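This report concerns only the one structure given below.
The values are calculated or read from the model by the stated rules, or taken from the named source; none is laboratory data. All of these numbers come straight from a predicted model, not from anything done at the bench. Positions of Cβ are generated from backbone atoms using ideal geometry, with glycine treated the same way; all protein chains shown enter the neighbour counts.
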Amino acid sequence: MSRARVLRGLWAVPVRLLALLAVSVATAGATSAVPAERQAAAAAVYVAPGATPGGDGTAQRPFATLDQARQPAHQLSADSDVVVYLAGGTYRLSQPLAFGSGDGGQNGHTISYQAMSGQQPVVTGAQQVAGWQVHDRTTVSGRSTSAAV
């Protein structure tokens, strides 16, 4: 066997391997991509902290609380992905926000929560402390000072 033939044989394996990898990479991207029609078919639910009670979750009549949006979002996820859009403002929670398995979507569809474009929603369980009184105190030196107690 000639030296040239041996060298050609040695190069054939890496070239075939590179060709196989190139096909695998191209195919892997195509098979794991989300189809465009599925992305476009996402249902939208809207929530705004200052909304009038009794909204239906549309952009014109948003729900007033996150809890009001959860059940409709779950129902819509049976047929499509769902995006719950949060308007800017403070969402005060009186109890912990706990998501269960149904809150992630169903039938291969997802539910996601995100801020509306340009908005900054704040979800908090903090309570405002009220009722603080200001009292006058007299120091040893005889000067009067005010302090919150």
Do you know which of the residues in region 96-117 that are surrounded by fewer than 10 Cβ atoms within 10 Å (Cβ to Cβ) and in contact (Cβ under 8 Å) with a residue 12 or more places away in the chain is nearest to Ala43 (Cα to Cα)?
-> Asn107
What number of residues within region 72-95 are surrounded by fewer than 18 Cβ atoms within 10 Å (Cβ to Cβ), within 17 Å of the chain's Cα centre (by Cα) and among the polar types (S, T, N, Q)?
-> 2
Out of Asp56, Asp103, which single residue is part of a helix (DSSP H, G or I) and either of a type in the set (Asp, Glu) or touching an Asp or Glu at 6+ places or on another chain (Cβ under 7 Å) (or both)?
-> Asp103
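Yes/no matrix, rows are residues, columns are (1) modelled with pLDDT under 90; (2) touching a Phe, Trp or Tyr at 6+ places or on another chain (Cβ under 6 Å); (3) at negative phi; (4) among the aliphatic types (A, V, I, L, M):
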site	(1), (2), (3), (4)
Ser24	yes, no, yes, no
Thr31	yes, no, yes, no
Val34	yes, no, yes, yes
Glu37	yes, no, yes, no
Thr52	no, no, yes, no
Asp56	no, no, yes, no
Thr65	no, no, yes, no
Arg70	no, no, yes, no
